[in-house]
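A.B. asks: Mind looking over this structure? Questions follow.
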Amino acid sequence: MGDSLTECMEIFSQDGVQLKTAQASFVNYLNLVGTLYITEYANSNCRRCLEWKPNDVTVDSDVQDQEWAVVNTVQKRSRTYSESLPPDSTIKPKLLKVNFVDIKSFKTSNKNRQLTLFDGKSEIMCCFMFQHGNCDYLITVLRGMLKTIPAKRDKHLFIVIHDESLEAAQLDKSFAELNIFQDPPPTLWKLVKSFHDRPYETTLETFAKVTDYVYRSPEQRDIDDDQRELLHRSLTEYASSHSQGDYEVIAKVPELPERKDYPRGRPLSAEQWKNLQNHEGKIEDVEQIKLMIFRGGVAPNLRYEVWKYLLDYFPWNSTQAERQKLLCEKNDEYYNMKLQWKRMTKVQEDNFSDYRERKNLIEKDVNRTDRTMDFYAGDNNPNLQLLYDILMTYIMYNFDLGYVQGMSDLLSPILHLLKNEVDAFWCFVGFMNKISSNFDIDQAGMKEQLQNLHTLLGFIEPQLVNYLDKHDSGNMFFCFRWLLVWFKRELSYDDVMRLWEVLWTGLPCENFHLLVCVAILETEKQALMENNYGFTEILKHINDLCGKLDVAAVLVKAEGIFHQIKEAEHLTDNIRMILGLPLVGVQQCPEEILSTSPDSPDEDLYERVYDSMQHVMT
Amino acid sequence: MAKTYDYLFKLLLIGDSGVGKTCVLFRFSEDAFNTTFISTIGIDFKIRTIDLDGKKIKLQIWDTAGQERFRTITTAYYRGAMGIMLVYDITNEKSFENIKNWIRNIEENASADVEKMLLGNKCELEEKRQVSKERGEQLAIEYGIKFIETSAKASIRVEEAFFTLARDIKAKMEKKLEASNPPKGGHQLKATEPQRKPTNWLSRCTLL
Ligand SMILES: Nc1nc2c(ncn2[C@@H]2O[C@H](COP(=O)(O)OP(=O)(O)OP(=O)(O)O)[C@@H](O)[C@H]2O)c(=O)[nH]1
Ligand SMILES: [Mg+2]
């Protein structure tokens, strides 16, 4: 077999490349600087490879047989190394070699100074740091040799399409998965349809077309990233299970890691809050504060102050003096906007139907917002006027969004807590900034969330999702109210405040509120399925949970689910994207975590706070 | 599970936000009126079983959110509705003008033969009236549907409205049944058969 090695051609090489990550057997070579090659073998299945060789090899390797280590391929030790280096070589450098066919995606980071290769099973194959400049040129060369699609959501990530892997069997799976989308492009949809009718023929005939569709004309056809990702995933999943030989139309449900309990902590106390401010009144360790709030919420008597930070009215790093100044400015700004509508004349109003429409909605809703609470009860209650004025001023602040039902529900607890028109307005603005997509004209934000909820639930409770799909409830519309006003209609006032402040921290991941939904649905799974509830009963059952939810228990469960997902071996990029988790492999580079998701603190801090709270509690 | 009714009708309440859909439904299902009511987010339904010509009819009445923005979600629930109440507020001109948009909405999303009815609510507020009773009647005639003015607050003709709609659905349904199931052996058979056939027909309707 060795003769093939003589026919090896070096296509490209780059010096000054440091090995940052590789499989375990390369531990001795980590951080060494070497040369990266693209080589081509004439008579081999794996024609092209990326190879890396350290510069000067003083490494005391315990590998005696001078073997090529082939990273992550089916046939390990395919060839011996002896013939490619002079046999008399006294040093025994190990070469790291990655076959092109095994590269499923690659990503640049750190201003293109770093290149990471992935094998499609969410594993890093290897990661290189380019010490002299960047890897732009290498990427250009790679993209010339590999068919790649840049991911739309991450312009630094390139997904590799391998023609060889387009075999019929894998398509079963990819089509089954594609089918979960409700609005696929018409072409795909047709394929999925006929696939159902004539599975094998359609598969064979059309997958090539789909691939063309995905690969050949990305400019002309704007394929949705999720679908692209799915195609990619199904390809790579197939490739990785290829060696097992048997194919299944329905993917087996992989085991999730064990669910752990993360007991709730105590609410952030006034004393703790004080201690975390410096002499100027700045919050020094924002992440720590957020974590404490995430774990236990805020003590009720402290909410008045802390909510202003959580809702981005006060910057965390502002000094007492700066906040004082800010208050004055925000006060003026508010009253300026308020005057704009207050001064509107009757004629102006008559000629301004968009404004009138918004105003009418507000008038109706103010009269229907938390009227059973003392604070808003009774006729001519001045607090209703405050509610009204703030919402009207918000129209002037964001006329395009205007007023949408549900907004008064979001403002009500804030105004009730702060009891100050200007403060409540700005905090409401902060809240709206966090969830304004809930109120999109076309409801795109809500639809996306419902779809994401479906995806997440499918990861945790595939059985339940299957049941819902079969009972006309796969659109998850029965969770609409939960999501639109963040459980405001389902929970008591106190519980809503607790839940919201926890969610406002943005911890432990993006869209944690969807995991809250998953937690509740998981709890109700038995009731829904054992009673064999249909479309109407499911809706009724969910609507009737109003007033029966235990926020603390739900949060414990949701957090447990989060960790389960995060640690799951079969975690997909789709789920990572929903939760804002770093995409494949990035977790290895701490500086990236901070740059990609500023809100997720590192594990250490997490453990630290968690431990310290445990102490407090016991 | 033993059925406690002969027929199940799915009804739907639609109309602009604030016209009183939830209040009308609450009046009908609980015979009460509550001024501390909240706006409807998403969708919900209530049940009331009524007696109609010796038949027990279970009305499943769906209450939708009125705001335009939520329409993509609420129209998903139009499917399978057998009767639709179009509600406007007689003290709000705009809500009356919008009825024609709602009708278009029904045409696009509900089955073609759905029974419709027009309700002018808040009719006790005579001093604030903006839409005359005649205009309501005129519009109903245009669309060939029935019309009633109601007040959820003062409990005026709410019962009548729902009973009328239910009766019309029942009549339509029985006419269809007769057409698809012509009597063979005279009256005898008719008396025994309907017990089974209607449920078949209905289960097809409500399955959707
Ligand atoms: N005077 C009077 N007021 C009514 C009547 N029916 C409803 N209202 C009031 O009208 C307002 C709106 O009533 P809802 O039943 O909540 O309106 P809706 O049509 O359900 O509105 P959405 O849920 O937003 O679509 C409330 O403040 C009610 O108190 C009525 O018959 N007379
Ligand atoms: Mg309502």
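The values are calculated or read from the model by the stated rules, or taken from the named source; none is laboratory data. Not measured: the values here are computed from a predicted model. For neighbour counting, all protein chains shown are included, and Cβ atoms are generated from backbone atoms with ideal geometry for every residue, glycine included. Note: areas computed on protein heavy atoms with side chains; ligands, DNA, RNA excluded. Shrake-Rupley method; radii C 1.70, N 1.55, O 1.52, S 1.80 Å.
A.B. asks: Per-residue HN-Hα couplings for the range B:70-83, Karplus 6.51 cos²θ - 1.76 cosθ + 1.60 at θ = phi - 60°, whole Hz, x for Gly and Pro?
C.D. replies: Rounded to whole hertz, the list is 8, 4, 4, 7, 5, 5, 4, 9, 5, 4, x, 5, 9, x.
A.B. asks: How long are the semi-axes of the ellipsoid equivalent to the range B:7-179, from square roots of 5 times the Cα gyration tensor eigenvalues, in whole Å, largest first?
C.D. replies: Working: eigenvalues 105, 64, 59 Å².
Rounded to whole Å, the semi-axes are 23, 18, 17.
A.B. asks: Show me, for the range A:305-310, the HN-Hα J-couplings you get by feeding each phi into the Karplus relation (A = 6.51, B = -1.76, C = 1.60, θ = phi - 60°), rounded to Hz, glycine and proline as x.
C.D. replies: Whole-Hz 3J(HN,Hα) from phi for the range A:305-310: 8, 5, 4, 5, 6, 4.
A.B. asks: Could you tell me which residue out of A:273, A:337, A:317 lies farthest along the dipole of the range A:260-354 toward its positive end? Charges go on the beta carbon: Lys and Arg +1, Asp and Glu -1, centred on the Cα centre.
C.D. replies: A:273
A.B. asks: Cα axis of helix B:197-207 to longest principal axis of chain B: angle in degrees, 0 to 90, nearest 10?
C.D. replies: Helix B:197-207 sits roughly 40 degrees off the main axis of chain B.
A.B. asks: Moving on. Between residue B:97 and residue B:180, what is the label-to-label distance in nm when each label sits 7 Å out along the Cα-to-Cβ direction?
C.D. replies: 4.2
A.B. asks: Tell me the net charge near residue B:153. Cut-off is 10 Å between Cβ atoms, residue B:153 excluded, with +1 for each Lys or Arg and -1 for each Asp or Glu.
C.D. replies: Numbers: positive: B:27, B:122; negative: B:124.
Combined, the nearby Lys, Arg, Asp and Glu give +1.
A.B. asks: Need one number: nm distance between label points at residue A:27 and residue A:441, each 7 Å from Cα along Cα→Cβ, rounded to one decimal.
C.D. replies: Here the answer is 6.0 nm between the modelled labels.
A.B. asks: Could you tally the net charge around residue A:117, taking each other residue with its Cβ under 11 Å from the Cβ of residue A:117, Lys/Arg +1 and Asp/Glu -1?
C.D. replies: With Lys, Arg at +1 and Asp, Glu at -1, the neighbours total -1.
A.B. asks: How much of the DSSP beta bridge set in chain B is antiparallel, as a percent to the nearest 5? Intermediate results must be reported in sequence, preceding the final value.
C.D. replies: Details: 11 of 33 bridges.
In chain B, approximately 35 percent of DSSP beta bridges are antiparallel ones.
A.B. asks: For residue A:21, list long-range residues whose amide hydrogen, built 1.01 Å from N in the peptide plane, is under 5 Å from its own amide hydrogen.
C.D. replies: Under 5 Å from the amide H of residue A:21: A:127.
A.B. asks: List the lysines whose alpha-carbon lies under 20 Å from that of residue A:111, not counting same-chain residues fewer than 8 positions away?
C.D. replies: Straight-distance partners of residue A:111: A:20, A:152, A:155.
A.B. asks: Can you give the alpha-carbon Rg of the range A:311-435 over 2.2 N^0.38 Å, where N counts its residues?
C.D. replies: Values: Rg = 15.0 Å, N = 125, 2.2 N^0.38 = 13.8 Å.
Normalised by 2.2 N^0.38 Å, the Cα Rg of the range A:311-435 equals 1.09.
A.B. asks: What accessible surface, in Å², does a 1.4 Å probe find on residue A:486, ignoring ligands, DNA and RNA and rounding to the nearest 10?
C.D. replies: Approximately 20 Å² of residue A:486 is accessible to the 1.4 Å probe.
A.B. asks: So what J values fall out for the range A:467-472 if you push phi through Karplus, 6.51 cos²θ - 1.76 cosθ + 1.60 with θ = phi - 60°, rounded to Hz, Gly and Pro as x?
C.D. replies: Rounded to whole hertz, the list is 4, 4, 4, 6, 10, 6.
A.B. asks: Using 0.36 nm per residue of separation minus the Cα-Cα distance, give me the extension gain between residue A:374 and residue A:470 in nm, one decimal.
C.D. replies: Numbers: separation 96, 0.36 × 96 = 34.56 nm, distance 4.46 nm.
Result: 30.1 nm gained on full extension.
A.B. asks: Which pairs in the list B:133/B:170; B:122/B:175; A:434/B:94; A:308/A:447; B:56/B:116 are over 25 Å apart, alpha-carbon to alpha-carbon?
C.D. replies: From the list (B:133/B:170; B:122/B:175; A:434/B:94; A:308/A:447; B:56/B:116), the Cα-Cα distance tops 25 Å for B:133/B:170; B:122/B:175; A:434/B:94; A:308/A:447.
A.B. asks: Let me ask something additional. Between residue B:107 and residue B:30, what is the label-to-label distance in nm when each label sits 7 Å out along the Cα-to-Cβ direction?
C.D. replies: Computed distance between label sites residue B:107 and residue B:30 equals 3.8 nm.
A.B. asks: Okay, next question. Report, by chain and number, residues whose modeled amide H sits under 5 Å from the one on residue A:13, excluding near sequence neighbours (fewer than 5 apart, same chain).
C.D. replies: It is A:38, by chain and number.
A.B. asks: Which listed residue (B:70, B:99, B:17) has the Cα farthest towards the positive end of the charge dipole for the range B:6-124, taking +1 on Lys and Arg C-beta and -1 on Asp and Glu C-beta about the Cα centre?
C.D. replies: So the residue furthest toward the plus end is B:70.
A.B. asks: Relative to the present Cα-Cα distance, how much length would full extension add between residue A:280 and residue A:336 at 0.36 nm per residue of separation?
C.D. replies: Numbers: separation 56, 0.36 × 56 = 20.16 nm, distance 3.05 nm.
Additional length available on full extension: 17.1 nm.
A.B. asks: What's the local net charge at residue B:44, with K and R +1, D and E -1, over the other residues with C-beta under 12 Å away? Walk me through the numbers before you get to the answer.
C.D. replies: Values: positive: A:481, A:489, A:540, B:21, B:46; negative: A:544, B:63.
After counting each charged neighbour, the total is +3.
A.B. asks: Could you run the numbers on buried accessible area between B and A, total for both chains, 1.4 angstrom probe, in Å² to the nearest 100?
C.D. replies: Working: alone 11400 and 29610 Å², together 38260 Å².
The contact between A and B buries close to 2700 Å².
A.B. asks: What are the residues whose amide H is under 5 Å from the amide H of residue B:49, where those residues sit 5 or more places off or on another chain and H is modelled from the backbone?
C.D. replies: B:59
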